[in-house]
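The values are calculated or read from the model by the stated rules, or taken from the named source; none is laboratory data. What you see is a predicted model; the values in this text were computed from it and never measured. Cβ atoms come from the backbone with ideal geometry, glycine included; neighbour counts cover every protein chain shown.
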Amino acid sequence: MRVIAVFLCLLAILCWSPNPKRVLASHQPTRVEVNLWMHGAPDITPVTSFEAQMGIKFYSLKWYQNWDQELNQNIARNYHSNGYLPELSWQPMYKVGSDYVGVSYDDVTSGQYDNYINSYAQVIKSLGFEVRISLAAEMNGDWNPWGIGKVGNNTENHKTFWRYVINKFREAGTNNVKWVWSPNIRPFGGAATYASMYPGDDYVDFTGFDGYNFSSTNGAPWLSFRQLFESSYNEMLAVTNKDMLIMEIGSVEQGGSKAQWIKEMFDDLETGFPKIKGLTWWSVAYPQFDMRINSSPASQDQFASSVKGANSNSGSNGGGQSSSGSTETTTKTSENANSSSATTSPTTDSPKNQPEYASNPVSSRTTNSNGEKTESKIEQILNLPAFVMLGEQKETVAYLLLSLFGVGMMGLAIVIQRILFWRRQANALKLQNEDARPD
């Protein structure tokens, strides 16, 4: 029984973790998340097979849905149950025949979509785990049916629309969503500035960007990651100090070394863009261009090497300058095209002709000896639906309960020890009385 008492004391100590940081899907030793979009379906076998080839694990998986679709719960639940953060690009458009029509921001704020938005909020709330949503991404691009200049949408009613939708979710008590405001990189995304469109820090968890190196596939020059994103990064910093996520990124092979481009991207993210906390790689091929991570063996090898934090070319066949130092990232894929391209969602293809060239902070993560993501005991508790629903207070409540549990276990151990002591005393007294009894 003494051994049991000691075990209970140790259990109480182990249940207390000095590190409250949340680990949803840990994998690589990089500073930033690396996330992926490659097929957007409930079956994640293609993703896990791809991960096994490269020896890495993605943090988040992305999918797309339009406003004539209910939330695909199968995708969200399957991603979450397999250790990925579900990330949705929620596109305000609907299909009419073979065409896509944008949702008018004014129609939304006048209440015409209230039933749809309220239902969506309730379904997401019922999931009981965190979902990241990029709402009306690339709103500054004229290739999107919901973009500025389409169906009466402009910079002012975009801000009103954004706040209206978030307020609807708040009214529903849906606090398990992280909202990402992600325009296209500028100047390729049109004349509207970020400052003129930004809905405000109270309505945004992360800001973000979409951008690609399309090079000669769109008649554009070969542009490095820094050339593509630096000016937009600085413009966003002038608007808000929110952490950033690259929600869609990719590069083609034509015009330079894609492997070297990938290496320099990770190096730049490590050393020159501290507010960027994650990226989503758009690993898809179209007839016009091929953005896949594995568009060549050299590109795939370099991507895996950079995600693992190895500072080497790892089969890179290109020249060019690179920054020193290893990087950390999480793979994701998104869409943003310089030329005509289709945005694939689970059930529909939505065209996005994109004339472009090319929170609550992000949680830390842990890895095991194989570089796989792990989840601590406390993270498992915090991810339970009962705690997710508590929102920002969940850590406080969880640690209070764990503290009470720890005190209770120690108290139980003391009680057990006292019982054992009293039992020994009683046995000793009994033996003493038997010895004193006359024959």
Response to the item:
Across (1) touching a Gly at 6+ places or on another chain (Cβ under 8 Å); (2) at pLDDT 95 or above, Leu71 clears everything bar (1)
Worksheet entry | Gly128, sole failed condition from (1) out of contact with any Leu (no Cβ under 8 Å at 6 or more places or on another chain); (2) surrounded by fewer than 19 Cβ atoms within 10 Å (Cβ to Cβ); (3) farther than 19 Å from Ser196 by Cβ | (1)
Item to complete: Could you identify the single residue in Gly278, Gly250 that is of a type outside the set (Lys, Arg), buried (at least 24 other Cβ atoms within 10 Å of the Cβ), within 21 Å of Arg31 (Cβ to Cβ) and touching a Phe, Trp or Tyr at 6+ places or on another chain (Cβ under 6 Å)?
Response: Gly250
Discussion item. I'd like to check something: does the range 156-179 contain any residue that is closer than 18 Å to Glu87 by Cα and of a type in the set (D, E, K, R)?
Written reply: yes
Worksheet item: Do you know which of the residues in the range 204-224 that are among the hydroxyl-bearing types (Ser, Thr, Tyr) and within 30 Å of Val165 (Cβ to Cβ) is surrounded by the most Cβ atoms within 10 Å (Cβ to Cβ)?
Response: Tyr212
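Suppose we keep only residues that are among the hydrophobic types (A, V, I, L, M, F, W, C) and out of contact with any strand residue (DSSP E or B) (no Cβ under 6 Å at 6 or more places or on another chain) within the range 143-165. Which one would you say is farthest from Val204 (Cα to Cα)?
Let us first name the residues in the range 143-165 that are among the hydrophobic types (A, V, I, L, M, F, W, C), namely 143, 146, 148, 151, 161-162, 165.
Subset that is out of contact with any strand residue (DSSP E or B) (no Cβ under 6 Å at 6 or more places or on another chain): 143, 148, 161-162, 165.
Details: Trp143: 24, Ile148: 19, Phe161: 13, Trp162: 9, Val165: 12 Å.
For the range 143-165, the residue satisfying everything is Trp143.
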Worksheet item: Got at least one residue in the range 99-106 being surrounded by fewer than 19 Cβ atoms within 10 Å (Cβ to Cβ) and within 23 Å of Tyr203 (Cβ to Cβ)?
Response: yes
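Per-residue answers, yes or no, for (1) touching a strand residue (DSSP E or B) at 6+ places or on another chain (Cβ under 6 Å); (2) under 29 Å from Pro46 (Cβ atoms):
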| site | (1), (2) |
| --- | --- |
| Pro221 | no, no |
| Val239 | no, no |
| Met265 | no, yes |
| Glu270 | no, yes |
| Lys275 | yes, no |
| Asp290 | no, yes |
| Gln300 | no, yes |
| Gly309 | no, yes |
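Which of the residues belonging to the range 245-294 are β-branched (Val, Ile, Thr), at pLDDT 95 or above and farther than 20 Å from Gly208 by Cα? First the steps, then the outcome.
If we filter the range 245-294 for residues that are β-branched (Val, Ile, Thr), which is where we start, we get 246, 249, 252, 262, 271, 276, 280, 284, 293.
Then keep just the ones that are at pLDDT 95 or above; that gives 246, 249, 252, 262, 276, 280, 293.
Within the range 245-294, Val252, Ile293 qualify.
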Worksheet item: Which of the residues that make up the range 38-72 are out of contact with any strand residue (DSSP E or B) (no Cβ under 8 Å at 6 or more places or on another chain), surrounded by 15 or more Cβ atoms within 10 Å (Cβ to Cβ) and polar (S, T, N, Q)?
Response: Gln69
